[in-house]
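Since the structure comes first, as structure tokens, the remarks are kept for the end.
The values are calculated or read from the model by the stated rules, or taken from the named source; none is laboratory data. Since the structure is predicted, the reported quantities are computational estimates derived from the model, not experimental observations. Here the Cβ positions follow ideal geometry from the backbone for every residue, glycine too, while neighbour counts run over all protein chains shown. Ligands, DNA and RNA are stripped out before the accessible areas are found, and what is left, the full protein with its side chains, is counted by its heavy atoms. Shrake-Rupley method; radii C 1.70, N 1.55, O 1.52, S 1.80 Å.
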Amino acid sequence: MGWFNYYGLIIMAIIMIPNIISALTSKTAYENRVSAKQFEITEQIGRYGCFAFMIFNIPYTYFGFWFNHALAVYLVVNSILLAIYCLGWILKKNNRKIFMLWLSVTPSVIFLFSGIVLSSVPLIVFAVLFGIGHIAVSYKNGV
């Protein structure tokens, strides 16, 4: 795959599209109702790390696909997870708490799964940070 992951860029774009639409159409979409600074900081560090390492593979921290047909598995599983994520955006008005968790767990799983399949140490680390922070913030705001 080399240093640039085109598939990761496409995955990131798909994740960002509903977020951008939501931000443009709702002024309160990203309003924090509960202050949880430690989780917010962890979430942001994880978020930007995941953005970077989904797209860029840094030599000696990225070891590539480690099993036969890993690219196919990577693409199929991430496509299914992206479909689930987009479905969450479509259905999110029904039960805020459940869908806040749905919309936080799914990208966390995408990042962690991608890091494991790509054998990208930084992506795995940032995915864990993002998951902890994003799920906690989403849970607290969904209450």
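Tabulated data
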{"item": "Single unsatisfied condition, residue 132 versus (1) more than 21 Å from residue 17 (Cβ to Cβ); (2) in contact with a helix residue (DSSP H, G or I) (Cβ under 9 Å, 6 or more places away or on another chain); (3) open to solvent by 70 Å² or more (accessible area, probe 1.4 Å); (4) modelled with pLDDT under 90", "result": "(4)"}
{"item": "Contacts under 9 angstrom Cβ, first residue in region 58-87 being at negative phi and β-branched (Val, Ile, Thr), partner in a loop (DSSP other than H, G, I, E, B) and open to solvent by 40 Å² or more (accessible area, probe 1.4 Å), 6 or more apart", "result": "58/3; 73/65; 73/67"}
{"item": "Filter result for residue 83 (surrounded by 13 or more Cβ atoms within 10 Å (Cβ to Cβ), at pLDDT 90 or above and hydrophobic (A, V, I, L, M, F, W, C))", "result": "no"}
{"item": "Residue in region 90-106 that is least open to solvent (accessible area, probe 1.4 Å), counting only those that are of a type in the set (Val, Ile, Thr) and within 9 Å of the chain's Cα centre (by Cα)", "result": "106"}
{"item": "Sole residue being part of a helix (DSSP H, G or I), under 26 Å from residue 59 (Cβ atoms), among the aliphatic types (A, V, I, L, M) and open to solvent by 10 Å² or more (accessible area, probe 1.4 Å), chosen from 109, 125", "result": "125"}
{"item": "Hits in region 2-24 - residues which are more than 14 Å from the chain's Cα centre (by Cα), over 16 Å from residue 87 (Cβ atoms) and surrounded by fewer than 16 Cβ atoms within 10 Å (Cβ to Cβ)", "result": "2, 3, 4, 6, 20, 23, 24"}
